[in-house]
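The values are calculated or read from the model by the stated rules, or taken from the named source; none is laboratory data. Not measured: the values here are computed from a predicted model. Cβ coordinates were reconstructed from backbone atoms using ideal geometry, including for glycine residues, and neighbour counts include every protein chain displayed. With ligands, DNA and RNA removed, areas are computed over all heavy atoms of the protein, side chains included. Shrake-Rupley method; radii C 1.70, N 1.55, O 1.52, S 1.80 Å.
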Amino acid sequence: MSAPTTRAGRARTSARTLRTDRWWLPPLVTFVGLSLFVIYGLVRTFMNQWYWAPEYHYLAPFYSPCLSTSCVPGASHLFDVPLPGWFPPPIIVLPFVLGFRLTCYYYRKAYYRSFWASPPACAVTEPHSRYTGESRFPLILQNAHRYFFYPALLVAAVLTYDTVIAFHGVGGGVGVGLGTVLMLINAVLLWAYTLSCHSCRHLVGGRINHFSRHPVRYWMWTQVTKLNGRHMMLAWASLISVAVVDLYVMLVAGGVFPDLRLIN
Amino acid sequence: MAYQAHLQVWRGDADSGELRDYTVEANEGEVVLDLLHRLQATQCPDLAVRWNCKAGKCGSCSAEVNGRPRLTCMTRMSVFAEGETITVTPMRTFPVIKDLVCDVSYNYVKAREVPSFTPPEGLEPGEYRMQQVDVQRSQEFRKCIECFLCQDTCHVIRDHEENKESFSGPRFLMRVAELEMHPLDSYEEAGGNRAEEARGEHGLGMCNITKCCTDVCPEHIQITDNSLIPLKERVADQRYDPITRFFRRKKD
C-alpha cells in the first residue's frame, strides 16, 4: 500500500520519486549490516561457550560482564547471579546494551529508513498509509534513551577492565597479543560512541541556557559536541569492533588458532 | 562551452499537470534557474517560476531538481552530465498554484502559532545584554532563509497530508528550539512552556529524526542534531524522566 502522492492541490506526479541517484543503496547497506550483526549476536548469545581464553585472559565482549554462576571459571565479574547452566549469561546484560543502541538517535534514523522505510530515503514516498512517529506506544519509549545511557557507561567501564586484564602475559607478567590490541581499540571506540551520545551531550551541558555561568559544563559540552558530530561513524565503528573482537576471542578460545603474541 | 540541455519541467496547476520536455541552451557557470529563465524568455512566456535574489539567500526558488528538494539558483548545471535529462518539479508537500510556484501559506500559519520572544519584564529593546557564548546556539538557527525545503522533504507531512494540522515541521520546531535555548527568553516566567508546546501543539513526537531536513538545508544548519534532538531531550527532561523532573530547577 502506498501513501497517495497526489493530495488535493498538490502537483500531480505518478512516480514514487523522481530521484535519479542510487537512493536505495544506503538503506540497503544499512539493512544488510545491521541484520548481519543481529544474526551474529543471536547465534553467539545462544552458543554459550568459547567466550573466555584463560591463557591470555581474553573475555569476549558479548559475554562481558559475565554475571552468572554458569560463567566459566575466570570469566565472571564482581558478583554472580544464580542461573541454570543452559541460560546464556549475555541475556542479563544484552537488553541494556541493545536498548542503548536501539534507542540511539543515529540507529533510529538508520533502522527507520532501512527496516521500516519511513522514509526509505529523503524525498522518496514511504509505503505506509498512516504515520504517528514517536508520539504513540511503543515508539514513545524511545524517550528512555538516557536510561540506557547510564548502564552503557558501566558496560564500557567493564570492557575497559577486561582490556586491562588482557595485558596479562602468558605464564605471568605483562603481555600483548593481537587480541589485546583489538580489545584496546574496541574499548576506545565504545567509550567514544557512548560519550558522543546525544543524551550525554544534553545531560553534560545541553540542557542549560547560560553556558557562561557553567564554564566546566560548557567545556564538557563542547568536547561531547565534537564527538557527537562523528556519532554515526562511531556507531558503526564500535559495532564492527565489538563483533570482530568477539569473533577473534571465540576462535582463540575454541582452539581454531592461537593468539598472535606481539610481546610475551 | 554552450550545449543543449534536456529539461523536463512540470507544467500545470492545482487541477492537472504533467511533465513536459524542453531543450534549452546551457552555458558554462549557469545554474538551473538560469535555464528556467531562458526557457521562459524563449519558449514558454507563461512559465511560472518564483525567484528573487539568485544568490541562495532569499529562499524563493525552492523546487525539486531530479527529485531532490533544492534551490534552483544554487544548483549548478555542471553537476549534471550533458546528455542527462533534468527534471524540475514544484515542491511536492505544498499545493501548487501554477507550474513551479507553490502555495506555502501552511508555513505562515505555523509560524504564527509559535509565541514570539518574551524579554524579561522591565527590559526595553536596546537594554538586552547577553554573553556571546550563551546566545550562539540560537544564532545558528537565525541563518534560516525560510526556503521551506526542510518542510518539503519532511515525510511526516510530505507523505501524510493529514499530519499538517498537528505537526509544524522542522522549520518551526527549530524556531521553538531557538527561543527555548535563548538566554533572555522569559516565556516560562510568563507562564508558558516551550518544550511542552513543542511536544503538544507542534507535534515534536511525530519527528523520527531521519535527518532529511538537515540533508536539504541550503544554509547547512544542523537542524536535527542542534535543534530537534536537544528539544526532544528537553521534553524528556520534563515529561519522561522522573529524576530530572524531581530535581528540576528554574531554567539556568
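If you go through region B:205-244 and pick out every residue that is within 11 Å of another protein chain (Cβ to nearest Cβ), touching a Ser or Thr at 6+ places or on another chain (Cβ under 8 Å), under 15 Å from B:CYS150 (Cβ atoms) and assigned to a helix (DSSP H, G or I), you end up with 8. Scanning region A:205-228 for residues that are open to solvent by 60 Å² or more (accessible area, probe 1.4 Å), within 7 Å of another protein chain (Cβ to nearest Cβ) and within 25 Å of the chain's Cα centre (by Cα) yields a total of 1.
Restricting B:GLY169, B:GLY191, B:GLY205 to residues that are surrounded by fewer than 24 Cβ atoms within 10 Å (Cβ to Cβ) and more than 24 Å from B:PRO120 (Cα to Cα) narrows the list to B:GLY205. Mind checking whether some residue in region B:81-94 is assigned by TED's automatic domain parsing to the domain that holds B:SER16, buried (at least 22 other Cβ atoms within 10 Å of the Cβ), out of contact with any Leu (no Cβ under 9 Å at 6 or more places or on another chain) and not charged (D, E, K, R)? Yes, because at least one residue in region B:81-94 is assigned by TED's automatic domain parsing to the domain that holds B:SER16, buried (at least 22 other Cβ atoms within 10 Å of the Cβ), out of contact with any Leu (no Cβ under 9 Å at 6 or more places or on another chain) and not charged (D, E, K, R).
Considering (1) farther than 12 Å from B:LEU231 by Cα; (2) free of Cβ contacts under 8 Å to residues at least 40 places away in the same chain, the lone condition that B:ILE209 does not fulfil carries the number (1). Within region A:191-204, the only residue that satisfies the criterion of being hydroxyl-bearing (Ser, Thr, Tyr) and surrounded by fewer than 24 Cβ atoms within 10 Å (Cβ to Cβ) is A:THR194.
With the structure loaded, tell me whether B:ILE145 is of a type in the set (Val, Ile, Thr), assigned by TED's automatic domain parsing to the domain that holds B:PRO218 and either under 30 Å from B:ALA26 (Cβ atoms) or not in a loop (DSSP other than H, G, I, E, B) (or both) or whether it fails that test.
yes
In the list A:ARG130, A:ARG146, which residue meets the criterion of being over 23 Å from A:ILE240 (Cβ atoms), at the interface with another protein chain (Cβ under 10 Å from one of its Cβ atoms) and open to solvent by 20 Å² or more (accessible area, probe 1.4 Å)? Unique residue meeting the criteria: A:ARG130. Scanning region A:102-115 for residues that are more than 9 Å from chain B (Cβ to nearest Cβ) and open to solvent by 30 Å² or more (accessible area, probe 1.4 Å) yields a total of 3.
Note on region A:174-263: enclosed helices (runs of 4 or more DSSP H) holding 2 or more residues that are of a type in the set (S, T, N, Q) and touching a Phe, Trp or Tyr at 6+ places or on another chain (Cβ under 8 Å) are A:178-195.
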